[in-house]
Amino acid sequence: MTSFLIAIAVFLIAHSLSAIRPLRAALVDALGLRLYLAAYSLLSIGLLAWVIVAALNAPYVELWGQPAWAWHPALTLAGLGVFLAVYGLVRPNPLSVSLNPAAFNVARPGLIAWCRHPVMIGFVLWGLGHLLINGDVVLVILFGAMTLFAAFGMKVVNRRIAGRLGADHVAALLSNIGRARRAKRFWQLFSVWDAVAAAAGIAAVLMLLGGLHLALFGADPLAGA
């Protein structure tokens with residue numbers, strides 16, 4: 001339990017420090033925006049992995065266990081969450097979290113036409129899926145905290161983007177995206193980047209289902225499906 005509490009405390013502290021504007025500005029000046037975002041994302045993934053491993057090794061105190069009815073909903077939510085998170089990281093998106101610095105085509109916004117924050121929404125769905133099927137004290141704390149962190153994180157990201165791009169520019173981007181969504185057919189809103197991002201998301205889900213989740217975390221997501 002001690003290892004888990006240390007891990008989740010470090011995770012929360014690291015993300016809280018990144019919300020301090022002077023510190024974040026100093027890091028961006030030192031590293032450049034692209035390198036800072038890449039380093040921040042990799043650190044987040046590494047800390048998340050540490051927290052999950054520590055949670056899996058913590059004492060088991062059951063609340064609702066693993067109900068049989070929850071396997072398929074949990075698999076659906078978590079799978080969709082992983083897909084959206086990877087899609088969002090791979091696809092250019094100046095309005096939210098993304099590892100791709102390529103130019104954003106406002107006329108072909110892809111899923112961003114409906115979902116401004118695919119990474120954050122992906123983590124919310126991922127967390128909810130895991131909450132359904134992991135009814136013990138430690139994992140409820142873990143996935144509950146992650147879900148809330150991602151949900152409230154969208155507001156934090158909105159403020160950061162508005163500060164970086166300017167509120168007027170953000171409003172113009174959102175307006176143009178909405179205009180494209182209303183004026184074009186569904187398939188016309190997607191670009192090559194959407195195909196690449198979707199392929200990456202599908203590959204991530206298949207790898208996790210194909211044994212990676214079991215190898216990393218000792219749990220088979222298909223065990224009760």
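Bear in mind that the values in this text are calculations on the coordinates, not laboratory data. On a predicted model such as this, the values are computed, not experimentally measured, just so you know. Here Cβ is always computed from backbone atoms with ideal geometry, including for glycine, and neighbour counts include all displayed protein chains.
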| task | Mind giving me the FRET efficiency for ASP168 and ILE20? R0 is 22 Å, r the Cβ-Cβ distance, nearest 0.05 is fine. | result | 0.30
| Cut-off under 5 Å, modelled amide H: who pairs with ASN93 long-range | ASN100
| Applying the Karplus parametrisation 6.51 cos²θ - 1.76 cosθ + 1.60 with θ = phi - 60° to the phi angles of the stretch 14-19, what ³J(HN,Hα) value in whole Hz is obtained for each residue in order, glycine and proline being reported as x? | 4, 6, 5, 4, 5, 7
| task | Report the residues of the stretch 137-169 in range of a label on LEU5: point 7 Å along Cα→C-beta, backbone N strictly under 20 Å from it. | result | 137-146
| said: Taking θ = phi - 60°, what integer Hz values does the Karplus form 6.51 cos²θ - 1.76 cosθ + 1.60 yield along the stretch 161-170, in sequence order, with x for Gly and Pro? | reply: 5, 5, x, 7, 9, x, 4, 5, 5, 4
| request: Pop a pseudo-label 7 angstrom from the Cα along the beta-carbon direction at both ARG182 and TRP69 and give the gap in nm to one decimal. | output: 4.2
| message | If packing is taken as the average count of other Cβ atoms within 10 Å, what order do 27-40, 132-145, 201-214 fall into, highest mean first? | response | 132-145, 201-214, 27-40
| request: With only Lys, Arg, Asp and Glu charged, each at its Cβ (+1 for the first two, -1 for the last two), find how big the charge dipole of the chain is about the Cα centre; round to the nearest 20 debye. | output: 1160
| task | Please give, to one decimal in nm, the separation of the simple spin-label points placed at PHE152 and ALA103, each 7 Å out from Cα toward the Cβ. | result | 4.0
| Fewest-first ranking of SER44, SER98, using other Cβ atoms within 10 Å as the exposure measure | SER44, SER98
| query | Of the labelled options [x] 50, 42, 24; [y] 63, 38, 35; [z] 81, 38, 38, which one gives Cα extents along the principal axes in Å as computed for this structure? | reply | [x]
